[in-house]
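Visitor: To start, I am sharing the structure in question, which I have written as structure tokens.
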Protein chains: 2
Amino acid sequence: MSDVAVAGGGLIGLATAWRAAQRGLSVTVVDDSPGTGASAAAAGMLAPVTEAGYREEALLRLGLASVERWPAFAADVERAGGTPVGLRTAGTLVVGFDEDDVRELTALHAYQRELGLDAERLTPREARRREPSLTPRVRGGLLVAGDHSVDGRALHAALLQAAQVAGVRLIRDRVTALRVDGGRAAGLETAGGTIAAGTVVLALGAHSGRLPGVPPLPVRPVKGQILRLAGATDLLEGTVRALVRGRQVYLVPYAGDRLIVGATTEDRGFDPTVTAGGVHDLLHDAIDVVPAISELELVETLARWRPGTPDNAPLLGPGPLPGLVLATGHHRNGVLLTPVTAEVTAELLATGVLPEVAAPFTTDRFGR
Amino acid sequence: MSDVAVAGGGLIGLATAWRAAQRGLSVTVVDDSPGTGASAAAAGMLAPVTEAGYREEALLRLGLASVERWPAFAADVERAGGTPVGLRTAGTLVVGFDEDDVRELTALHAYQRELGLDAERLTPREARRREPSLTPRVRGGLLVAGDHSVDGRALHAALLQAAQVAGVRLIRDRVTALRVDGGRAAGLETAGGTIAAGTVVLALGAHSGRLPGVPPLPVRPVKGQILRLAGATDLLEGTVRALVRGRQVYLVPYAGDRLIVGATTEDRGFDPTVTAGGVHDLLHDAIDVVPAISELELVETLARWRPGTPDNAPLLGPGPLPGLVLATGHHRNGVLLTPVTAEVTAELLATGVLPEVAAPFTTDRFGR
């Protein structure tokens, strides 16, 4: 029997397991194919400021707390895992395409300044000096020096290694149910048998809401389609996010010559389809923003599901059953929130106390 | 030693080998991965009329001769190969999008009538009655009842079976050179050894011009990118070809719910890259013509090379060396021209006489 069983070996589950093992707990992670869910599709943006939504200030604070932890976290994972995670600290440029897009940029900037965030308004010329491959049709920009990115797949590989080195046991099997004993979470049922544990961490991403045995949770799948391109060496200095006639697209360079183009946001349940329309819209907007993208190789198309919640913020801390801890609902911010989620969850597991920074994100905020 | 060695196990090579074996010759086909070249990318249009180019009347006659042979050829391959080849005889609709596109349609129709070809001009309403999923923005149409399609991959699988049943020997090895003996083609060199043969058929598609030992041939690679979509059950009655603001796109339904969207035409040598721009343009034009394509699943993207020649017509008959026979240079018409190519080449191999229909396509038309 383990102290802790973690359902889900994506970024959140692995990082949490690793941190808990570092605190002296015995931890088992169960996942039949770790890292092939939302973690495989993530663009890896660490962008609390450019992602800041109106009336989502608690989430912004959590994001800022996490982005602050990122450099040390990355160094720690790399040391323990033995492989680089591709942290890029070149900042993020947001650009607007038409007059309405620029109006939205201006409003975003005003809101950021009101919150005391660091963001610099750029003229079209300044935006193109920063990113010369931008189309001359760009009408304005906003530079956020503190919004970074990481290579999500490299991060997952390093975390997998780090967790195992720290003694985490990985069982490659499908989680079929939460094991409940006397009204208390007591482990996981898998295709291959039962894994008994004192505490269970639910880190199944978009699937968290449908594990048998878990009481209803406000988590729903939010489909995202994403593209990976190759041949983009020196194309971009850092992440470029664009508002293109009211639609959003982001371009995230990684791993030398690679570029991620993301992402659609679709309410279609667990529809796994990469659609002609989704791929078209991403390519269309990306090529509009950086015309040279037209010449790049299309290497991969992918659809996955973000774990969405009613307020776009995660579900952390004690779950709806004794012995059940939540680490899910990260929606668009899973990679960004990995360090802070792992830290607060490990703290709760080791001491029974949930750190203050996570207090606004317990599931009781939605009532019973 | 075989009577005939065929370099290349694509559609042309296999069909030729099969027909030659039926004539009583012993035939060996050499290809390290048969059917993975242009044959794998072909949309399978049997469309001599809609493909008819100005000043390409000899090619048109050859195409008509081949399309006439198609029903019997398909039945024959299916009988011998044991699997269906997906021949669809619903005809082809050509549509124009803007005024210039329609002007081009009108000119094409006039040219077709001048040549005595069967093509019917449709109003936008008539075009949409035939294909209700067409955008209402279509400005005019042209129905060619005699232009059909076939499932190129199913055809290849059936031909592979038919050829082997007929006694053709297939060697899965890479052809590295033409074997020349006393100034005469005498077989093929492969990675694994020498294959001696009385006559060699060169059917290497776009690679035909660069096999060591073969004198220079006017064959160059013409890159095409193509998409395969799923979920298109009942979307289209038959092939739809569209002129979209001067660009061409075609939509070819096959195998129940599948749809091919093709194709780019690029002079880029043997560049194997599926590009963001190529995929974008195909999706953009296809969705413009049939908006519901947006919802289909993007299953596959592919780039291959057509064997282009200076006059877009194939190279048939005796090659530049004694003992060497050409069956290459089919450019955009490889599937269409498979039956006639196989027939005339087998006739030449069996009797020494090239049938009249192939006479305009010997390589000496380009001079020495």
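Visitor: Which value, in debye to the nearest 20, gives the size of the charge dipole of region B:14-127 about its Cα centre, when Lys and Arg are +1 and Asp and Glu are -1 at the Cβ? Walk me through the numbers on the way to the answer.
Guide: Details: 11 positive and 17 negative charges, 115 e Å.
Charge dipole of region B:14-127: 560 debye, to the nearest 20.
Visitor: Leaving out ligands and nucleic acids, note down the accessible area per residue over the protein assembly as shown with a 1.4 angstrom probe, in whole Å².
Guide: On the way: 27780 Å² over 736 residues.
Accessible area per residue: 38 Å².
Visitor: A further question follows. Separation between the B:Thr36 and A:Asp257 pseudo-spin-labels, each 7 Å from Cα along Cα→Cβ, expressed in nm?
Guide: According to this spin-label approximation, the distance is 2.1 nm.
Visitor: Report in % the part of the accessible area of the protein assembly as shown that belongs to carbon and sulfur, leaving out ligands and nucleic acids; probe 1.4 Å. All intermediate terms of the calculation are to be shown ahead of the outcome.
Guide: Working: 13740 of 27780 Å².
Reported share for carbon and sulfur atoms: 49 percent.
Visitor: Which residue fluctuates the most in chain A, going by a Gaussian network model with Cα springs under 10 Å, if the choices are A:Thr89, A:Thr106, A:Thr275?
Guide: Among A:Thr89, A:Thr106, A:Thr275, the largest mean-square fluctuation in the Gaussian network model of chain A belongs to A:Thr275.
Visitor: Tally the DSSP beta bridges in the protein assembly as shown and give the antiparallel ones as a percent, rounded to 5. Don't skip to the end; give the middle numbers.
Guide: Values: 106 of 146 bridges.
Percent antiparallel among DSSP bridges in the protein assembly as shown is about 75.
Visitor: By the scheme Lys and Arg +1, Asp and Glu -1, what is the net charge of all other residues having a beta-carbon under 11 Å from that of B:Arg23?
Guide: Details: positive: B:Arg19; negative: B:Asp3, B:Glu343, B:Glu347.
Net of charged neighbours comes to -2.
Visitor: Lys and Arg at +1, Asp and Glu at -1: add these up for the other residues within a Cβ distance under 11 Å of B:Thr338 and post the number. Please report the intermediate quantities before stating the final value.
Guide: On the way: positive: B:Arg19, B:Arg69; negative: B:Glu343.
Combined, the nearby Lys, Arg, Asp and Glu give +1.
Visitor: Given Cβ point charges of +1 (Lys, Arg) and -1 (Asp, Glu) and nothing else, what value in debye, to the nearest 20, does the dipole of chain B about its Cα centre take? Kindly include the intermediate steps, with their values, before the conclusion.
Guide: Numbers: 36 positive and 41 negative charges, 93 e Å.
Around 440 debye, computed over chain B.
Visitor: While we're here: Among all helices in chain A defined by DSSP H, which have a length of 18 Å or more along the axis from Cα atoms plus a Kyte-Doolittle mean of at least -1.0?
Guide: On the way: long enough: A:57-81 (33 Å, 0.22); A:99-114 (23 Å, -1.24); A:152-165 (20 Å, 0.68); A:276-289 (20 Å, 0.46); A:338-351 (19 Å, 0.71).
Those that pass (Cα extent of 18 Å or more, hydropathy at least -1.0) are A:57-81, A:152-165, A:276-289, A:338-351.
Visitor: To one decimal place, what orientation-averaged projected area in nm² is obtained for the convex hull of the Cα set of the protein assembly as shown?
Guide: Details: hull surface 145.8 nm².
Average projection, Cα convex hull of the protein assembly as shown: 36.4 nm².
Visitor: Placing unit charges on C-beta atoms (Lys and Arg positive, Asp and Glu negative, everything else neutral), compute the dipole magnitude of region A:99-165 about its Cα centre in debye, rounded to 20.
Guide: Numbers: 10 positive and 11 negative charges, 58 e Å.
With Lys and Arg at +1 and Asp and Glu at -1, about 280 debye.
Visitor: How many nanometers, to one decimal and shortest first, lie between the label point of B:Thr362 and those of its other copies, if labels sit 7 Å from Cα toward Cβ?
Guide: Output for B:Thr362: 9.2 nm, nearest copy listed first.
Visitor: On average, how many beta carbons from a partner chain sit within 10 Å of the beta carbon of a residue in A:277-285? Could the numbers behind the result be given before it?
Guide: Details: counts 9, 5, 8, 11, 4, 2, 9, 4, 0.
Across the residues of A:277-285, the mean count of other-chain Cβ atoms within 10 Å is 6.
Visitor: Now for a separate question. What is the set of long-range amide H partners of A:Gly317 at a cut-off below 5 Å, with H atoms built 1.01 Å from backbone N?
Guide: Those lying under 5 Å, H to H, from A:Gly317 are A:Leu326.
Visitor: While we're looking at this one, here's another question. Take chain B, connect every pair of alpha-carbon atoms lying under 10 Å apart with a spring to form a Gaussian network, then pick out the residue of B:Gly82, B:Gly329, B:Gly224 with the largest mean-square fluctuation.
Guide: Ranking B:Gly82, B:Gly329, B:Gly224 by mean-square fluctuation puts B:Gly82 first.
Visitor: Averaging sequence separations of C-alpha pairs under 8 Å and six or more residues apart, then dividing by the length of chain B, give the relative contact order as a whole percent. Mind showing how you got there, number by number?
Guide: Working: 884 pairs, mean separation 88.5, N = 368.
For chain B, the relative contact order is 24 percent.
Visitor: Please list 3J(HN,Hα) in residue order for region A:204-209, calculated via the Karplus relation 6.51 cos²θ - 1.76 cosθ + 1.60 where θ = phi - 60°; whole Hz, with x for glycine and proline.
Guide: The phi angles translate into 9, x, 4, 7, 4, x Hz.
Visitor: Between copies, how far apart are the A:Gly193 label points? List them in nm, one decimal, shortest first, with each point 7 Å from Cα toward Cβ, please?
Guide: 5.3
Visitor: What does the copy distance list look like for A:Ala107, label position 7 Å along Cα→Cβ, in nm and ordered from shortest?
Guide: 4.9
Visitor: If Lys and Arg each add +1 and Asp and Glu each add -1, what is the summed charge of the other residues whose beta carbon sits under 13 Å from the beta carbon of B:Thr92? The partial results should precede the final answer.
Guide: Working: positive: B:Arg88, B:Arg130, B:Arg241; negative: B:Glu51, B:Asp118, B:Glu120, B:Glu131, B:Asp147, B:Glu237.
Here the count lands on -3.
Visitor: Of all DSSP beta bridges in chain A, what percent run antiparallel (nearest 5)? Don't jump to the answer; show the numbers that get you there.
Guide: On the way: 52 of 72 bridges.
Here the share of antiparallel DSSP bridges comes out near 70 percent.
Visitor: Next question, about the same structure. Please identify the trypsin sites (Lys or Arg not before Pro) of region A:57-165 that satisfy two criteria: DSSP loop assignment and at most 11 other Cβ atoms within 10 Å. Which are they?
Guide: Working: sites: A:Arg61, A:Arg69, A:Arg79, A:Arg88, A:Arg103, A:Arg113, A:Arg121, A:Arg125, A:Arg128, A:Arg129, A:Arg130, A:Arg137, A:Arg139, A:Arg153; in loops: A:Arg137, A:Arg139.
Passing sites in region A:57-165 do not exist.
Visitor: If we sort A:28-35, B:186-193 on the protection proxy, mean other Cβ atoms within 10 Å, highest first, what's the order? Mind dumping the intermediate values first?
Guide: Details: A:28-35: 21.4, B:186-193: 18.5.
Descending mean neighbour count gives A:28-35, B:186-193.
Visitor: Once the convex hull of the C-alpha atoms of region B:1-106 is built, how many Å³ does it hold per residue, rounded to a whole number? Write out the running numbers ahead of the final one.
Guide: Values: hull volume 16.0 nm³, N = 106.
Here the figure is 151 Å³ per residue.
Visitor: If you don't mind, another one. If you take the accessible area of B alone, add that of A alone, and subtract the area of the pair, what total do you get in Å², probe 1.4 Å, to the nearest 100? Each step should come with its number before you reach the end.
Guide: Numbers: alone 14610 and 14610 Å², together 27780 Å².
The contact between A and B buries close to 1400 Å².
Visitor: What is the distance in Å between the Cα centres of region B:170-191 and region B:266-344?
Guide: 26
Visitor: Tell me, how many Å apart are the Cα centres for region A:1-34 and for region B:84-98?
Guide: Cα centres, region A:1-34 to region B:84-98: 56 Å.
Visitor: Related question: Sequence-distant or interchain residues sharing an amide H contact under 5 Å with B:Val274, placed H: which?
Guide: Correct list: A:Leu298.
Visitor: Towards the positive end of the charge dipole of region B:85-181, with charges on Cβ (+1 Lys, Arg; -1 Asp, Glu), say which of B:Gly140, B:Gly91, B:Ala110 has the farthest Cα.
Guide: Looking along the dipole axis, the top candidate is B:Gly91.
The values are calculated or read from the model by the stated rules, or taken from the named source; none is laboratory data. Being a predicted model, the structure only gives us computed values, none of them experimental. Heads up, the Cβs are rebuilt from the backbone with ideal geometry, glycines too, and the neighbour counts pull from every protein chain shown. With ligands, DNA and RNA removed, areas are computed over all heavy atoms of the protein, side chains included. Shrake-Rupley method; radii C 1.70, N 1.55, O 1.52, S 1.80 Å.
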